[in-house]
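Visitor: Provided herewith is a single structure, encoded as C-alpha cells, for subsequent inquiry.
A short reminder: the numbers here are calculations on the coordinates, not readings from a lab. What you are looking at is a predicted structure, and each value in this text was computed from that prediction instead of being measured. Glycine also receives a Cβ, built like all others from the backbone with ideal geometry; neighbour counts cover every protein chain displayed.
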Amino acid sequence: MLQNTVATLQKQQKDYYADLDARLKKFEPQHASVEDRQGTSQPGEKPEYDAALKHFQAGDFKSAGNAFSSFIKKYPQSPYLPLAQYWLGNSLYAQRDYKGSTWVLHKMIDANPRHPKVPDAMIAVANNQLESGQKAAGRETLEQVVAKYPGTEGARAADNRLKTLK
C-alpha cells in the first residue's frame, strides 16, 4: 500500500513537471524557419505578424502599415523580418506612398538578396516607379527581374507587365 502511494505521488510529480515545462516553453524563444530565413522567434512574434497580415488581407492598409512598422521595430532580428518589410512596402504602395514603399522594399532586397519574395519586391518597386512617372526606371527594374530570375513566377509577371508598357 505504501509503495502504491509512493508510485502514485511520483507519477503525479512527473506529470506536474511535464505540464509546467510545456507551459513555460510558450514564453521562451523558439527556433523558426520562415521561407529561406532561419532564426529565433520570440513569444508573441508570429501572432503579431499574422495579425498585421490579416489587416493587409482585409484591405486596411493603414492599420497593416502601422502594424508591420511596429513589428519591424520590435523584432529587428526576426526570421519574419523580410516578409514584414515586403508587406509594409505593399501597404505603403496601397496608400500611394511610393517613395516610402520603394525605400522599405529596397532595404528588404538589399538585406536578403536570395529571399523568395525578392522578385515580387522588385516588381513592387517597379510599380512605385511607374506610378511616380519614372517609366524608364520602372521598365529597367522589370527587365532586371526577368534577367535575374528566369523561369520564376516573378519573371513571368514582370515580363507580362513589360508587355503592357510597350
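Visitor: Using a 7 Å offset from Cα along Cα-Cβ at ASN160, what residues in the range 92-131 end up with backbone N under 20 Å from the label point?
Guide: Within reach of a label on ASN160, which here means backbone N under 20 Å from a point 7 Å along Cα→Cβ, the range 92-131 contributes 94, 116-131.
Visitor: Using Cβ counts within 10 Å as a stand-in for footprinting exposure, how do THR8, THR102, THR164, THR152 rank, fewest first? Intermediate values should be presented prior to the final figure.
Guide: Values: THR8 10, THR102 23, THR164 6, THR152 16.
Placing the least packed residue first, the sequence is THR164, THR8, THR152, THR102.
Visitor: Please arrange MET122, MET1, MET108 by counting, for each residue, the other beta carbons lying within 10 Å of its beta carbon, fewest first. Can you show the working numbers first?
Guide: Details: MET122 21, MET1 5, MET108 26.
Ordered from fewest to most neighbouring Cβ atoms within 10 Å, MET122, MET1, MET108 come out as MET1, MET122, MET108.
Visitor: OK, next. Tell me, in nm to one decimal, what length is gained between ALA137 and GLN12 on full extension, where the rule is 0.36 nm per residue of separation less the Cα-Cα distance?
Guide: 38.2 nm
Visitor: While we're looking at this one, here's another question. For the range 29-165, what is the charge dipole size about the Cα centre, in debye to the nearest 20, if Lys and Arg each add +1 at the Cβ and Asp and Glu each add -1 at the Cβ?
Guide: With only Lys, Arg, Asp and Glu charged at Cβ, the dipole is about 200 debye.
Visitor: I'd like the Kirkwood hydrodynamic radius of the range 29-165, using the inverse of the mean 1/r over distinct C-alpha pairs, in Å. Mind dumping the intermediate values first?
Guide: Details: mean 1/r = 0.0656 Å⁻¹.
Final number for the Kirkwood radius of the range 29-165 is 15.2 Å.
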